[in-house]
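Q: There's a structure below that I have some questions on.
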Amino acid sequence: ELLYCHAGVAALCHHLASMPPRMRDAKLHNVEALYPCDACDDPFKEACAFIDERARFGAYCNGKAIGVLAHEALAPNSVHAFATVTTQSSQVPAGVGLILHYESATYERWLHK
């Protein structure tokens, strides 16, 4: 996985810094890499596109979260999110930041996963 900041890292930092105090985390949407063939050598360099159709994803489609460490009760709520009793989550706009997901990199690696 890679964090992609289309508008630059400063835009993501601004979004995170301007979140209201009640927010426990910032959720990032994920897109999934498409490879030119099943046996590519370097998925990070050879990915030819990314899909945003969740029904076609080979893995998860619920994004990832950046937790706000200032929340004392912050705790993981799966590998994709955080939970607290009284706070909310902020959605990071896709133009600001998203997760580029390279699912198992090749078909063989996915098959053996």
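Q: Hey, can you tell me all the residues within the range 46-61 that are at pLDDT below 80 and surrounded by fewer than 13 Cβ atoms within 10 Å (Cβ to Cβ)?
A: Glu53, Ala55, Arg56, Ala59
Q: Something else now. Looking at (1) modelled with pLDDT under 85; (2) surrounded by 13 or more Cβ atoms within 10 Å (Cβ to Cβ); (3) assigned to a loop (DSSP other than H, G, I, E, B), can you tell me which one Ser78 breaks?
A: Here Ser78 clears every test but (2).
The values are calculated or read from the model by the stated rules, or taken from the named source; none is laboratory data. Just so it is clear, the structure is predicted and the values come from calculations on it, not from any experiment. Backbone-built Cβ (ideal geometry, glycine too); neighbour counts: all protein chains shown.
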